[in-house]
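What follows is a set of notes on a single structure, which appears directly below.
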Amino acid sequence: MTMLWQDLRYALRMLIKNTGFSVVAVLTLALGIGTNTAIFSVVNAVLLRPLPFRDPDRLCFLYERLPVAPILGPSYLNFIDIRDQNTVFEGVASVHAATFTLTGAGEPERLAAQMASANFYPLMGVSALQGHTFLPEEDRAGGPAVVLISYGFWQRHFNGSSDAIGKALTLDNQSYNVIGILPAGFQFLNPVDVMVPFAPWARGLPDDRSWHPGITAAARLKPGVTLEQARVELDTIAKRLEKQYPVYDTDMGLGAIGMHDQLVQNVRPALLVLLGAVGLVLLIACGNIANLLLARSSARTQEIAVRMAIGAGRSRILRQLLTESVLLSFAGAACGLFIAWLAMSSLVSLAASAIPNVGPIALDGKVLAFSMGLALFAGILFGLAPALQTAKLDLRGILNDASRGTTGGTRRQQFRNLLVVGEVALALILLVGAGLLIRSFERLQDVSPGFQPANLLVADVPLSPRAYPRAPQRMEFFDHLLERARAIPGVISAGAATFLPMSGGGSIIHFNIEGRPPKTAHDYIAVGYRPVSPAYLQTLRVPLLQGRLLAESDTETTEFVVVVNDAMARQFFPGESPLGKHIQIGGIPNDEVPKMRIIGVVGSMKQNLATDSASEIYLPYRQANAILPVFSLSVVLRAESDPRAQVSALRTVVHDLDPNQPVIRFRTMEENIATSVSAPRFRTVLLGIFAMSALLLSIVGLYGLMAYSVSQRVHEIGIRVTLGAQRSDVLRLIVGQGLKLALWGVVVGLAGAFALSRILEKFLFSVSATDPGTFAAVAFTLVAVALLASYIPARRATRVDPIVALRYE
């Protein structure tokens, strides 16, 4: 321990003595370790940290498999059968996402909510912070109106008051008694404000096994039961249901997936790629520090030789040098943690809509331990080779001053050259990856969404089923809202729809075509279902291809009509015009649902820029309400200029119609589209930053090597000039050396990029993983920058005074 303390004190003195070297090394390491720490904090929060529930490894989601949808939340009736017939789960709980309007406490507020069965919270292992969670007698049809509130809502609405239990909240014009407060940080799938029992809502669902109302089924495996065993039993239940209900459950399958796996499966590959990218940045940083240490060791040869002469063994020298390296690395890690802390808010903001909300992203104990372990690994990695070479010094030659004027040995120089080649190669791999993602993102943004998004303002207006229980009330409200919205100064047109394009959501519904009745459930066909206002398609400026658009005269008292997009026309009416054909909502023809005549075909709008447009139908919301109740519409205003200028006016219009009606989520359509591409933007921005960091570090390494080479070759350069070499010859000599190293790095890097770019294939849109333009552009850029990095030291070499150089020691 005493010797270790001595080594640490001596290492600290040496680092303080060589301030310039220490500052450069610490900053280089801070960049490498800081980026690794920041990305690991995301990886830790999303991939490594277990879900904050009891025995999370035994939790899973249950789903249905249908020919039209491989993963779908179960229908309510199938859910009941799964819950009652299984023998492999401790329990099966149900959750449904919802929203409520809070009134009676100032401005109306729209609250994110969930409906949960009484066994949900015990199943998750979650207890109320105050009060209690739902009791079985509260989760039943006709049960008492009770509500659980989140910790955040408790703090915001009740100021954390201890007497919140028993207070009343008016949600959708119904009074609910607060029975419990959930613990801080609890959330399931998404943050919510209030939770109400599931059964009162479920009692109103249709007696239809093909109806999928958006139920999330969560289950807990019994001890000793594996997920595979559960899947086998679910297959048995699915076959049993198919025999019992052949009309609805033919070709229906049931499945289970681990809860954590389901939540992170889409983002795991991207996070692992980013973690690998910052690992390469750290390797480049370590290469730079190793080069610095090798250069510095030349100046320490006399010191090391003297220490060895007075009895220090090679192992003692090696330990001392590694102590200095590790101390340097820990100093870099400390600065890197500060950089990661500064970048955390920006990183969280960038990742907000690109990763699942499974827990807070923070520099917790695991992240700090990772950073310290990384610092130890890096310190040994970049310090070992220089330390070994220094410990093998020729003691006799150094003490006899025999090595004066040399370049430090051919082997050492070759090792330094190899480090620079490796740095350039790693930088090129990252630059190619970033270049591919950038080109992919550019092409993604160039894709037309199928409408004109400029100058569109969007806001959601969800009506309460209790405040507006009757259809005429709702239709009158929406009619007056759109009429007044069109009259707002600066508004060109106004429309509304239940689901907007580029929103990531939408309702898919079974339908049948007149004259083509389905034979079995396997023949059921589905389409995107979009109740809209008559002026909606005109407001978005969707092109009309055939027929006519919806009109104000298309109401519930006239013939039922529908407009389809061209994707739907191509899929279901290939080679013929769909105009005049009739379709009907529902998988099976029946006399209760009106038939709708197709009156027009419009261009297809996208829900995702990276995928093909789906088949969709547009029907007047008044007619749609006669089929399925319409309670919520998203209003779209086309403004003459900045659409944000209409926010206040639209809010006033809604408030004048109903002071208790909230209007929420104001955003422009361009912001809507930007949110839809948040995941590729997250990958592209971060990999671009890491690639530029790698380029900077590799070029600094090349510059440092060439500058050091020039300083060591002053005597040689003086002799060359004295013997008649021109300054251009000296310039070519030095630049040629740097260019040779850069070209070797480019060759090695291109081979590595070609092999590793395949990993990015699944993230690319309309760009090949081996796109020759990207590879060529990156290689050319890297060579050009390397030439510049070599040119600066070379220019200095051409200014060497031969007289001074010949006396150079």
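The values are calculated or read from the model by the stated rules, or taken from the named source; none is laboratory data. Note that this is a predicted model, so its numbers are computed, not measured. Glycine also receives a Cβ, built like all others from the backbone with ideal geometry; neighbour counts cover every protein chain displayed. When the accessible area is computed, the model is the full protein with side chains, heavy atoms only, and any ligands, DNA or RNA have been set aside. Shrake-Rupley method; radii C 1.70, N 1.55, O 1.52, S 1.80 Å.
Couple of notes before you dig in:
- Within segment 514-549, being open to solvent by 10 Å² or more (accessible area, probe 1.4 Å), farther than 13 Å from Asn565 by Cβ and modelled with pLDDT of 85 or more holds for Glu514, Pro534, Ala535, Gln538, Arg541, Arg548.
- Hits in segment 336-363 - residues which are at pLDDT 85 or above and surrounded by fewer than 17 Cβ atoms within 10 Å (Cβ to Cβ): Phe338, Trp341, Leu342
- When the criteria are applied in full, Ser768 meets the requirement of being free of Cβ contacts under 8 Å to residues at least 24 places away in the same chain and either crowded, with 21+ Cβ neighbours inside 10 Å or part of a loop (DSSP other than H, G, I, E, B) (or both).
- Members of segment 139-155 found to be over 16 Å from Ala168 (Cα atoms), open to solvent by less than 60 Å² (accessible area, probe 1.4 Å) and not in a loop (DSSP other than H, G, I, E, B), listed by number: Gly152
- Leading residue by the ranking (surrounded by the fewest Cβ atoms within 10 Å (Cβ to Cβ)) among those in segment 38-74 that are on the phi < 0 side of the Ramachandran plot and acidic (Asp, Glu): Asp57
- Being part of a strand (DSSP E or B) and crowded, with 18+ Cβ neighbours inside 10 Å is true of Ala217.
- Segments classed as strands (runs of 3 or more DSSP E), wholly inside segment 441-532, with at least 1 members that are under 30 Å from Gly253 (Cβ atoms) and in contact (Cβ under 8 Å) with a residue 12 or more places away in the chain: 507-513, 525-532
- Members of segment 623-639 found to be modelled with pLDDT of 90 or more and either among the basic types (Lys, Arg) or open to solvent by 70 Å² or more (accessible area, probe 1.4 Å) (or both), listed by number: Arg638
- Close pairs from segment 230-250: first over 16 Å from Thr87 (Cβ atoms), partner open to solvent by 60 Å² or more (accessible area, probe 1.4 Å) and outside any helix (DSSP H, G or I), Cβ under 8 Å, at least 6 apart: Glu242/Asp251; Pro246/Thr520; Val247/Ile588; Thr250/Thr520
- Unmet criterion (only one of (1) open to solvent by 40 Å² or more (accessible area, probe 1.4 Å); (2) modelled with pLDDT of 90 or more) for Ser503: (2)
- Segment 162-182, subset open to solvent by less than 40 Å² (accessible area, probe 1.4 Å) and in a loop (DSSP other than H, G, I, E, B), residue farthest from Arg466 (Cα to Cα): Leu182
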